[in-house]
Amino acid sequence: MKLGCNSYSPLKTMFSDVCWSGMFPMRIAGATFMKGKSGVPSDATGKAICVCGGNLAKGQLPKIGFTVGFWAPSKIIDITRKPYCLPSLGGLEIPVGGIDFINGGANLGRGQRKEAFANWILYSAPLIYMLRLLDEGACPSDGLLDFDVMHMSPLFPTQNDVTGRYTTFLNPEMMLLANAKSFLAMPVDAVSSTLGKPINNLFWVAGAWGQIYPMTGFNGMGRMVDPVRFSSLMATRSIAMLHRLGLMNETIGDDNLCERNARFILRKDAFRWQMLAPSPEGGRSSGGGGSGSSGQVRLVNPPTRGGTCTHATGASTAGWGMWRDVPATGEDHAYMLFQWTDCCFGLTPGS
């Protein structure tokens, strides 16, 4: 059966489908300016004033300002059945399936396995800068200010790594963590994540979603029962792998106010997730029910999970979306990633 490519184009429906209340709470100068129910990472900056850069000996003045912290809608992740399918770009398909050297991670018939496999595409989507709600360069989470494709799984051989040749090289700790004993951490992290507090020290599991290791596109847990759980796990693995490669940075705490530092192990509590398509989680309803304005399906409002329309990494899909997969017309999934961002908003120009 030939796989299709769903078309969503979330940028066209961002005002109705994006969970804007998921940005809060917002901290300004160390104090909570706008309340919210998404919580704040435990070591987010509590400073009021910040000083960045400068060298008086060289006549360079520092930037002096106040701290700002909030959940920034920063990225969109598509989880797809078909390589080089871009649902968030209107179902665009890149016709490169016959070029072997750029399809190392695409699973184009090599290493057949009787389990689910998924591809992913990561986009930069810094909505607050795209809408000019903050000055350019004020505090972007990754330095990008426009919507663009950042990375995609077919370009990474690890995605289709059947034998473990590449993933072991990239993650040698996988040999210790991708085993039955490591499953013992899953129930603990699943409960904590569902309550909104994923355990960062258990970095090899994604709560109720499953094992982060090995970081491949295969299900790894046999038959797929919950497509939404599966796509959430694939999205988490993609973020974990990009951290390991040094392609994503830390954005939380005093040490990251002025410049971002590389973080090579996924920090789960740095992110909150919103399903954008096929059935938006949140959207017009700031509480938690989806309006389905993406045109795929309309839903009866589910439980609100405490009044927020985003969820923590690893939170059980029973509370926010195991019913959101739509057979035939909505089997590719798109997620908005909210990233806690601490930064220094300058009052002086600095240098």
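Overview of results
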{"item": "Distance between segment 230-287 and segment 6-30 - C-alpha centres, whole angstrom", "result": "14 Å"}
{"item": "Loop-located trypsin sites (Lys or Arg not before Pro) in segment 218-250, at most 12 other Cβ atoms within 10 Å (DSSP)", "result": "R223"}
{"item": "Solvent-accessible surface (1.4 angstrom probe) belonging to I64, in square angstrom, nearest 10", "result": "70 Å²"}
{"item": "Low-density loop cleavage sites - chymotrypsin sites (Phe, Trp or Tyr not before Pro) in segment 17-89, where at most 13 other Cβ are within 10 Å (DSSP)", "result": "none"}
{"item": "Solvent exposure ordering (accessible area, 1.4 Å, most first) of L195, L155, L122", "result": "L195, L155, L122"}
{"item": "Peptides ranked, highest mean first, by Cβ atoms within 10 Å: ranges 210-217, 3-10", "result": "210-217, 3-10"}
{"item": "Inter-site label distance for L184 and D254 at 7 Å from Cα along Cβ, in nm", "result": "3.7 nm"}
{"item": "Where trypsin sites (Lys or Arg not before Pro) fall in DSSP loop in segment 1-81, at most 14 other Cβ within 10 Å", "result": "K2, K35"}
{"item": "Label-to-label distance, nm, for residues given as Q60 and L3 (7 Å Cα→Cβ offset)", "result": "4.8 nm"}
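The values are calculated or read from the model by the stated rules, or taken from the named source; none is laboratory data. Quick caveat, the model's predicted, so the values are computed rather than measured. All Cβ positions, glycine included, derive from the backbone under ideal geometry; neighbour counts span all protein chains shown. Side chains included, ligands, DNA and RNA excluded: accessible areas come from the protein's heavy atoms. Shrake-Rupley method; radii C 1.70, N 1.55, O 1.52, S 1.80 Å.
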